[in-house]
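Reviewing the structure listed below.
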Amino acid sequence: MTSQEIKEQQTGYVLQSWSKQKGLKPIPIERGEGIYMWDYEGNRYTDMSSQLVNLNVGHGNGYIVEAIKAQAEKYCYISPSYASEPRAELAKMLIERLPDNMGKIFFTNGGADANENAVKIARQYTGRHKVFSRYRSYHGSTFGAGNLTGEPRRYPLEPGIPGFVKFFDPYLYREKIHFTTEEEASEYYIAKLREQIQYEGENSVAAIVLETITGSNGIIIPPKGYLQGIRQLCDEYGILLICDEVMAGFGRTGKMFGFENWGIKPDLVTFAKGVTCGYIQLGGVAVSKKIAEYFEENFLSCGLTYSGHPLACAAGIACLKFYDDAEILDNVNKAGKILAKELERLKEKHASVGDVRYIGLFSAVELVKDKKTKEPLVPYGRDTAGVMKGIIGRLSAKGFMTYSHENMILIAPPLIITGEQITEELVKLDEVLKEVDMEI
Ligand code: PLP
């Protein structure tokens with residue numbers, strides 16, 4: 001097919017996620033290699049978002065491709081009730097990389113069903129039904145995960161599931177109360193959450209679900225003491241802590257899992273994306289030894305046809321080995337320092353940049369109309385004029401590929417990117433921001 005035919009058939013027959021369908025102009029991609037992709041005309045694009053923050057090792061990773069091929073030659077599928085080498089090996093490798101309180105893995109197809117199954121497991125284990133999650137969060141778009149989600153992608157699912165309670169996140173850049181330290185802010189948020197749990201009835205709360213670091217809603221990094229405070233609250237009330245590591249996991253923040261940055265141990269960890277880097281889709285829930293032990297004698301009421309798909313697990317094993325062999329965490333920490341420096345420079349220089357937030361290679365640029373008032377460049381949930389889409393389009397025309405959410409540009413390149421490549425790419429962002437400065 002020609003590039004034009006692909007585009008026409010795609011827009012003619014495929015419903016594209018999160019979009020008004022009319023006027024869509026998807027770029028047909030012919031091939032990818034590392035952090036780059038090429039269209040059929042030979043134009044090169046740099047992937048500055050690792051696709052949907054999942055293609056952590058970039059395109060064309062030979063290790064992963066070979067592992068999938070080798071497994072495909074043995075068998076492509078075997079039901080979850082059989083023992084399968086790639087499934088067994090990946091589960092063990094994951095448990096070895098998780099904190100020492102973790103016991104077993106329940107595999108899913110992606111992140112949304114990982115979160116839904118984590119909630120089901122927490123309800124079965126605790127015998128309680130309520131689940132707390134935060135407003136500025138995204139946990140997936142299926143019915144259950146979409147109800148855990150706090151931001152506007154939840155609205156089409158309303159009225160929501162009874163017992164799904166929302167609480168405020170520590171979004172300090174936009175907090176109206178002035179705190180002198182991060183610890184003070186954490187104390188405030190934890191105290192409010194404690195109060196809310198009491199009002200809801202502490203004995204009815206099964207779990208608190210958190211993106212350890214809020215991802216698509218703007219890389220909101222927990223203030224010092226916050227996650228430790230949540231952990232304590234959970235322990236005090238017998239509530240399970242579910243950390244959603246779908247975006248933050250697998251090296252993105254410079255640690256294997258995001259929560260390691262604060263030294264806490266969750267009861268359940270949900271993961272997807274970076275476990276296979278999207279070479280084949282896979283997700284899962286890691287549960288603590290205590291929870292795993294509970295299901296020795298109690299029936300686990302969870303199941304999926306593709307739980308632990310052998311091809312996906314083979315990809316996962318190769319992926320985890322690649323993270324180790326290529327010393328990915330070292331690269332994230334090195335390249336992350338350069339990204340941080342460049343982002344701070346952009347914040348200093350541009351009137352339209354209200355805030356930059358980053359950890360490892362996980363970052364966001366928050367755009368404002370006015371630095372002092374912090375008025376967002378587009379109103380929350382209502383960018384009807386398509387201002388952010390326009391900015392993303394201008395970046396794309398320069399070959400800088402990423403996406404936005406609300407008034408934020410997400411920057412989360414593949415974890416193999418070099419410092420020089422980051423500097424080279426951020427020049428393009430600098431140029432577009434200069435134009436935005438003139439328009440505000
Ligand atoms: N949780 C988080 C933090 C996510 O960012 C996402 C997707 O972006 C999901 C869950 C849902 O994952 P999936 O799209 O694989 O269902």
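The values are calculated or read from the model by the stated rules, or taken from the named source; none is laboratory data. The structure presented is a predicted model; accordingly, all values stated were derived computationally and were not measured. Positions of Cβ are generated from backbone atoms using ideal geometry, with glycine treated the same way; all protein chains shown enter the neighbour counts.
Computed quantities for the displayed model
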item: Unmet requirement for residue 31, which otherwise passes all of (1) in a strand (DSSP E or B); (2) closer than 30 Å to residue 143 by Cβ; (3) basic (Lys, Arg); result: (2)
item: Residue in segment 49-59 that is over 24 Å from the mean Cα position of the chain (by Cα) and either part of a helix (DSSP H, G or I) or on the phi > 0 side of the Ramachandran plot (or both) present; result: no
item: Residue in segment 206-213 that is away from the ligand (no atom under 16 Å from the Cβ), of a type in the set (S, T, N, Q) and either assigned by TED's automatic domain parsing to the domain that holds residue 137 or at pLDDT 95 or above (or both) present; result: no
item: Checklist (1) of a type in the set (Gly, Ala, Ser); (2) within 16 Å of the ligand (Cβ to nearest atom); (3) more than 25 Å from the chain's Cα centre (by Cα) applied to residue 19, failing item; result: (3)
item: Members of segment 326-336 found to be among the charged types (D, E, K, R) and either outside any helix (DSSP H, G or I) or touching a residue at least 12 places away in the same chain (Cβ under 8 Å) (or both), listed by number; result: 327, 334
item: Meets criteria (among the aliphatic types (A, V, I, L, M) and under 16 Å from the mean Cα position of the chain (by Cα)) for residue 300; result: no
item: Hits in segment 379-403 (condition: over 16 Å from residue 435 (Cα atoms) and hydrophobic (A, V, I, L, M, F, W, C)); result: 385, 401
item: Test result for residue 118, surrounded by 19 or more Cβ atoms within 10 Å (Cβ to Cβ) and touching a residue at least 60 places away in the same chain (Cβ under 8 Å); result: yes
item: Residues (aliphatic (A, V, I, L, M) and in a strand (DSSP E or B)) located in segment 201-218; result: 205, 206, 207, 208, 209, 210
item: Cβ-Cβ under 6 Å pairs, at least 6 apart or on other chains, segment 191-217 side closer than 24 Å to residue 125 by Cα, far side small (Gly, Ala, Ser) and outside any helix (DSSP H, G or I); result: 209/133; 211/137; 212/248
item: Pair list, Cβ under 9 Å, 6 or more apart: segment 96-114 residue within 22 Å of residue 137 (Cα to Cα), other residue assigned to a helix (DSSP H, G or I) and more than 13 Å from the ligand (Cβ to nearest atom); result: none
item: Out of 332, 287, sole residue that is in the same structural domain as residue 53 (by TED's automatic domain parsing) and β-branched (Val, Ile, Thr); result: 332
item: Which numbered condition residue 342 fails, given (1) of a type in the set (D, E, K, R); (2) within 30 Å of residue 68 (Cβ to Cβ); (3) in contact (Cβ under 8 Å) with a residue 24 or more places away in the chain; result: (2)
item: Verdict on residue 194 being within 25 Å of residue 115 (Cα to Cα), within 16 Å of the ligand (Cβ to nearest atom) and part of a helix (DSSP H, G or I); result: no
item: The listed residue being at pLDDT 95 or above and either in contact with a strand residue (DSSP E or B) (Cβ under 6 Å, 6 or more places away or on another chain) or assigned by TED's automatic domain parsing to the domain that holds residue 314 (or both), out of 73, 41, 8; result: 73
item: Some residue of segment 8-21 being touching a helix residue (DSSP H, G or I) at 6+ places or on another chain (Cβ under 6 Å) and over 28 Å from residue 156 (Cα atoms); result: no
